[in-house]
Every structure is written in C-alpha cells, then in structure tokens.
Amino acid sequence: MIQVLYDASCAECLRAIQLVSYREETLRMAGQAPTVQLHAWPQGERVLQGLSSSKRPTSLSRKVWALLPSGLVLGQCQEDPMRLIYEMELLALVRLPTPQIRQRVDSVAVLPLLMAKQHSKAGSGRWWRQAEVFRLTAAALQKEHLAVLDDFLPEETCHALLLGAQASRGEMVRGATGAAGKALTKGTEELQKVLNEPSRGDVVKFSDDGNMPGCRGFLEALDTLVEGLQGCQAVADRLQHVDWANGAMFAIYPGDSARYIKHVDNTLGTDGRRLTAVLYLNKDWRPADGGCLRVFEPTMQSCQVKRDVEPLWNRLVVFWSTQEVPHEVLSSFKDRLAVSVWFICGRESLRNEESFQRLFNPQKLRCIAQRDRRSCLMQAAETEEERLWCSQCKAPSHRQSAVLFDSESLESTDHPCSCSQRSDAQATFTPAKLSILARRFRWRREEEPTWYIDVAIRAAVEKALTGQHPATAFAATVPSRPKPVLLPTNSVTRAKPVVPEPSLTAARMPRHFELVEDDDDDNSNSAPLRHPASPPADMDAGCRIPISFGIVD
Ligand SMILES: O=C(O)CCC(=O)C(=O)O
Ligand SMILES: [Fe+2]
C-alpha cells in the first residue's frame, strides 16, 4: 500500500488528493484491491516513523508526499499527481505470471539453454559458442522476445568487469532517462526535476573505448553471439543491418531501493537500438535482495508480467529493444551491478538525427566483430542516393581520431557532411548541413511520451487538472460491467462477486479513505511499518509485490 501524507490546508494538495481519491475509487469499482492510504498532515505523521533521515521530508507544509511499498519516496506530488496515480496503477494492475505463462516462457527462453549448457563439455564462457545454441537463442527471441544464458563469460572476465566497475564507482553519474536527456537541453531546473524523480536510480559509466577491465572479452563474446544469431533464419531479418553497437554501460543500482520504472529501450522504434544485452554481476543474490528485471508481455500498456529475471552472477539476458519488451528493474535492496550493450541497426539509425550522427562517430558506436564501417554504412543506406551521401561523409583519419571528418571538409566547403569542430573534441554537423541531411534521410522527430498510463486515465487527469470535476473526468474510465459467467451446475468454483455499477456523479465529493488495517486477501498479512530500505520480508521468488505496511491511524 502507498502511504500518502498531505497538507489538508493547502488547496493544491487537496486537488491532487481529490484526483488520487477518484482514481482509487475507479480502481476499486473495477474490483482492484486498495492501493493508497491517505493521511492528513500533521496527524498522520506516524507514517514517517522508522524512516531514515535522508528520506524524511524537511517540511510537509503545502506538500503531498508518498511512501511507496518499496521504500521509495515521491515528493512534491501536489505539483504532478500523475506520478502518484502511475504508482497506484502499477500496484493495482500488475499481474504476476500465471503458472501457464511461466511454463510457456521458461520452456522456450530459459530451460532449453540451461540444458544445452549442462550437456556441453566446453564449460563457463564457452558452452554457448555453437550453432545449436544460436538456434535456441534465436527461437527464444522469436517466440518470447527474450533469452537467458547463464555462465556466459569465463569467470576471470566477470571478475575483471566487477573489479573495474567497483574501482570506477566514484566516476559514475545518475543514469538519465530519455526525459532527462530532453530536459538537459531545456536547462538545469527542468533536469533537476527529472533526476530527482525516483524513476531511475542507477549510477552509470559508459566504457565507450572498451578499455574498462574485462570489457574487450565481454564485447567479443557478445559480438560472437550476435553474429551467430544473424545466421539463424528465425531472427536474420530483424538483425539484418545490425552492424553496430555502443560501448558497454556499467550500471550500479544502489541498495536503497533504487529501481528503473517500466520502459521500452527504443520507445519509438527510431533510435536504432534493436537488441539489448545485459550481463549481471551479483554474487550470492537472494530473492529478498529484489532487483529483478521484470519483463512484461507486449506492449507498453500491458500489465501482465512475462518473467522476472533474477540478476544473477554471470547471467546474460538478451531481449528486443522494441515495444515487444516493456521492462522495469524492481527496487533493489542490495547494490546491483549490470553491464548493458545495445546492438544497433544502421538502417533505422539513418532515419533519425541523433542516431545518424552516432553512426559517423567512432567514439560513440563501433562496428561489431571488426566489420568495416564504410561497408556497413553502404549496406545501411536504402537507395543509391543515400549511398552517395553516406560515402561523402568522410571517416576520421587516425591523426584526427577525435574528429569526425577530414579538415578539408569543415565549415568552409559546401560538402554536405562537413562538420564543425568543438573544443571538447566532439564533432558535429553544422546546422545548415543538418537541415539538408534531415530532408535527404527523412529524419523523424517524434516526442517521447513521458508517462505510459492508459490514455483514458491520462486524459481524465488532464481534464480534472484543467477544471473539470474529477468525478465527471474519471467517469469514462470506469470499466464496463463484466458479463456474468455461466458456470456449469456441477462446478465447485464460486462466481466472483458482481462488480457494482459505477455511480460517480458530478455532485459526489471524493471520499477520504478510512485508515483501517488492510485485510485484503491478495495483499495478505498486514505488517508493521518497517524500515523502508529493508526488503519486505515476504518477497519470494514467486511474488515480488511487497505486502502493505498496514498502518492504523
Ligand atoms: O539492468 C537491467 O536489468 C536492465 C536495465 C535497463 O532496462 C536499462 O538500462 O535500460
Ligand atoms: Fe531498459
């Protein structure tokens, strides 16, 4: 259960609480268990008991503040109640895999690979280097969109990666979502807002030159796997122009409940990323440490979990970077290390400004398996004209390895791909050239959606925030009454209680929920308020939705 403290004397807070109340009500009408407990401040201050000082709000005056079951805190919800409603949705609507789903997924994406490993004599780091394993991995990607390969690297490579990551922890910076990247261009205040959100809590470092310890061995292994997959009919089409990859991203999720909310890596299918590969480096990982990679069924709107993948030592998970694989990193209660690499389609990259520029920047993207950059570009281009334009973009000479193009093609010439040189040794195309390239390569510029809430809910919140009574705004989001299920007379299954007809009217005021002990069956056992950074005691491999705190006021 989400605990919410709000300042009842503040109009903005009350409006946010009203929205939250109405969403809670519509969720309940749809038969969902309660998701929030609302506490007016200062009476409800006991919610803060047991919280570490870093999590305690300095003041709750004019604020709506929420404590998530994982121990994460959402501050300032009065400004943006959507964040809180999103958390309620997740809590209420996420469905763990049924035994059938688990069996279906494991029988394709996990078990065949496990058996191949057991039958191989090659040992850690080598067992998967065979055509049959490439075929099984390709089949897993084709049918379930992901594959899990344990013991992927030789132990010494894993240890080198781990030590390298630990040694450079001090240089790591907060991982930024797409939203943060965009905010960066808008100024520091906006950026601060995004970074302060607990939507993504990892700290990261990119090894763009592949020089971090263990990196070369890791990248070589990944390239071999991808080349093997490219030879498999099941996925050959999708991997056809995947000749590129970025440097490895080392990410540590600190054990203070850090997470990464549900997302798709290549949200719009425009940034070129095709296949995501993540290697986990967590020794002695236990279910109570949290931090699973939670993979959902397609697409972003889906709340049905396909599989929770434990971030175990030397485990590689590969999955499509597209809408087929929405995923999140669940809150981690112990530091969690992952190294990710994205494999990139040259053809898709040509269609988008940022990814286009990356193709020409060896500091950002490398060609996999020592492939020739120029031939990869020629294959990525779709038409003769595109090939011509691509061929005119000059690769950097060794002498000028930090610069994109030879100096004679800089500003002064009319060369379509000339670039300006920056003092930070980054190079980029000039604005004039960019606009030519934009037309030639039909660059697409879609806005990235920030919130992945059901469009109806989002629309309701927007209407309510712009003056419509929340009851009217939310009325359209109440699901229609389910059709009665006719059971055979000898069935012992009891019919579910009928969901009451929604009866929200504009005249009805939101009700504030009673602060009673939560005795809901699904969420079972109310538990005393515990230190939020510690893992909920009843989290096991099968169920990772933490139980409610069950506070009684
Ligand atoms: O660490 C993981 O399991 C996945 C991380 C992730 O989804 C990302 O960095 O995009
Ligand atoms: Fe991701």
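Read-outs: derived from the displayed coordinates by stated rules, not from any lab. Please read these numbers as outputs of a predicted model, since none were measured by experiment. As a convention, Cβ positions derive from the backbone with ideal geometry for all residues, glycine included, and neighbour counts pool all protein chains shown.
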Would you mind putting 308-315, 250-257 in packing order, based on average other-beta-carbon counts within 10 Å, highest first? 250-257, 308-315
Quick calc: nm separation of the 7 Å Cα→Cβ label points for ASP209 and ALA456 -> 5.5 nm
Between region 210-262 and region 267-294, how many Å separate their Cα centres? 11 Å
Length gained, GLU384-GLN233, 0.36 nm per residue minus C-alpha separation, equals 51.6 nm
With the cut-off at 1.5 for a/c, could you classify region 248-323 from its C-alpha gyration tensor as rounded, prolate or oblate? prolate
Apply 1/(1 + (r/R0)^6) to the Cβ-Cβ distance of SER59 and ALA167, taking R0 = 45 Å, and write down the FRET efficiency to the nearest 0.05. 0.70
